[in-house]
Amino acid sequence: MLTLFLIIFTFVELNCENLFDTQKDSVKHDEEYTEQSLRHWTKRRYYEKLHNIGREIISCAELHTSNNQEGHIPDMVALCEVENDSVMKHLTRSTMLWSYHYEYLITHSPDTRGINTALLYNPLSFKLLESKDIRVSLPDNRPTRDILYAKGLIVSLDTLHVFVVHSPSRRGGERASRKNRMAVAERVSELIDSLPPKARIIVAGDFNDYSGDGPLRHLAEHGLTEISKDAVGYYNQTKGTYFYNGSWNSLDHIFLSPTLLPSFISCDINDHCSLMELDQRGTAVPKRSYRGIKYNNGFSDHLPLVARFNINIP
């Protein structure tokens with residue numbers, strides 16, 4: 001008789017909020033995060049930010065330990081708003097993440113500020129087979145972030161396809177900018193349609209849209225299910241990953257193909273008290289690196305999404 005062992009596979013999505021190094025890129029508008037800028041983005045502050053993001057990722061392993069379940073360091077982490085290879089190298093080699101031996105992928109997008117998407121993965125639970133930067137053409141011809149694609153084998157030897165997305169912002173208004181975010185959703189849909197019908201797919205990132213908005217409905221119409229739609233804070237029942245204009249909502253989302261849904265266990269927002277602070281109204285909000293231009297030694301204006309799956313091992 002065939003015996004199956006179940007292990008937990010943990011996937012995290014996080015917008016790091018301006019994870020830049022301190023160097024001026026000659027072809028990007030990243031001067032806001034240099035030592036000479038109003039933010040006075042020094043090497044010390046840069047390494048504090050790296051350390052904080054590392055702590056934030058590791059803290060995602062603590063979810064569910066209170067239910068007598070073993071904490072599990074994330075197997076994969078989809079990251080938005082990271083600048084370049086040197087940032088990812090420092091994050092994986094010069095913070096507490098070094099002991100977990102993460103490998104990484106990062107895009108090299110034409111985004112004018114130098115913002116990219118990235119993926120951390122544990123090579124023991126994901127064997128990389130292929131990766132690509134996928135360019136997106138926007139209706140207004142503005143350069144934007146590439147979609148990061150990774151294909152590999154998980155521990156069950158099943159093939160997993162991962163897309164990391166950071167859609168254009170709502171600058172200029174939601175309605176006026178919607179066509180740009182729809183272009184990203186349509187590009188993702190094209191990529192999904194090019195894969196085998198039973199492919200195991202995760203699409204994750206900051207879509208700059210809320211559940212039910214047109215671009216996200218477009219993904220659902222192409223067979224994807226948003227597992228983060230009803231996610232709330234694990235510790236304090238926080239109602240979103242992002243606090244804006246006095247209310248919670250989520251711009252961050254994780255979608256699955258139908259073939260992965262049977263393995264899905266849960267999706268939570270990591271709202272641990274260490275990632276939060278009180279604003280001027282006494283509301284607990286994400287602890288950011290800056291309040292305006294005042295340095296705050298925080299994490300990000302977004303909270304992480306943490307999804308967990310059961311993987312069958314023969």
Quiz item: So which of LEU261, LEU224 ends up being open to solvent by 40 Å² or more (accessible area, probe 1.4 Å), aliphatic (A, V, I, L, M) and in contact with a Ser or Thr (Cβ under 9 Å, 6 or more places away or on another chain)?
Solution: LEU261
Quiz item: Considering only residues of segment 225-266 that are more than 16 Å from the chain's Cα centre (by Cα) and of a type in the set (A, V, I, L, M), which is farthest from ALA199 (Cα to Cα)?
Solution: VAL232
Quiz item: What number of residues in segment 289-309 are in a strand (DSSP E or B) and within 15 Å of ARG39 (Cβ to Cβ)?
Solution: 4
Practice problem: Enumerate the pairs (first residue in segment 165-184 and part of a helix (DSSP H, G or I); second residue anywhere and surrounded by 18 or more Cβ atoms within 10 Å (Cβ to Cβ) and of a type in the set (Asp, Glu)) with beta-carbon separation below 6 Å, excluding pairs fewer than 6 apart on the same chain, so at least 6 apart or on different chains. | Solution: ARG181/ASP209
Quiz prompt | Residue within segment 89-96 that is surrounded by fewer than 17 Cβ atoms within 10 Å (Cβ to Cβ), basic (Lys, Arg) and at pLDDT 95 or above present | solution = yes
Quiz item: Going through segment 150-169 one residue at a time, which ones are open to solvent by 20 Å² or more (accessible area, probe 1.4 Å) and in contact with a Lys or Arg (Cβ under 8 Å, 6 or more places away or on another chain)?
Solution: LEU153, ASP158, THR159
Quiz item: Among the residues of segment 241-250, which ones are in contact (Cβ under 8 Å) with a residue 40 or more places away in the chain and either touching a Lys or Arg at 6+ places or on another chain (Cβ under 9 Å) or open to solvent by less than 10 Å² (accessible area, probe 1.4 Å) (or both)?
Solution: THR241, SER250
Quiz item: If you take the residues of segment 198-230 that are of a type in the set (Asp, Glu) and part of a loop (DSSP other than H, G, I, E, B), which of them is nearest to VAL165 (Cα to Cα)?
Solution: ASP209
Exercise. Given the conditions (1) at pLDDT below 95; (2) open to solvent by less than 20 Å² (accessible area, probe 1.4 Å); (3) among the hydrophobic types (A, V, I, L, M, F, W, C), report the number of the one that PHE11 does not fulfil.
Key: (1)
Practice problem: Within segment 24-68, count every residue that is surrounded by 14 or more Cβ atoms within 10 Å (Cβ to Cβ) and β-branched (Val, Ile, Thr). | Solution: 4
Practice problem: Please specify each residue of segment 5-31 satisfying the condition of being of a type in the set (Val, Ile, Thr) and in contact with a His (Cβ under 9 Å, 6 or more places away or on another chain). | Solution: ILE7, ILE8, THR10
Self-check item: Of residues in segment 99-112 being part of a loop (DSSP other than H, G, I, E, B) and among the β-branched types (Val, Ile, Thr), the one nearest to the chain's Cα centre (by Cα)
Solution: THR107
Quiz item: Considering segment 124-144 alone, what residues qualify as being touching a residue at least 24 places away in the same chain (Cβ under 8 Å) and touching a strand residue (DSSP E or B) at 6+ places or on another chain (Cβ under 9 Å)?
Solution: SER125, PHE126, LYS127, LEU128, LEU129, SER131, ASP133, ILE134, ARG135, VAL136, THR144
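The values are calculated or read from the model by the stated rules, or taken from the named source; none is laboratory data. Keep in mind that what you see is a predicted model, and the values were worked out from it rather than measured. Using ideal geometry, Cβ is built from the backbone for each residue, glycine included, and neighbour counts are taken over all protein chains shown. Areas reflect the complete protein model, heavy atoms only, side chains present, ligands, DNA and RNA absent. Shrake-Rupley method; radii C 1.70, N 1.55, O 1.52, S 1.80 Å.
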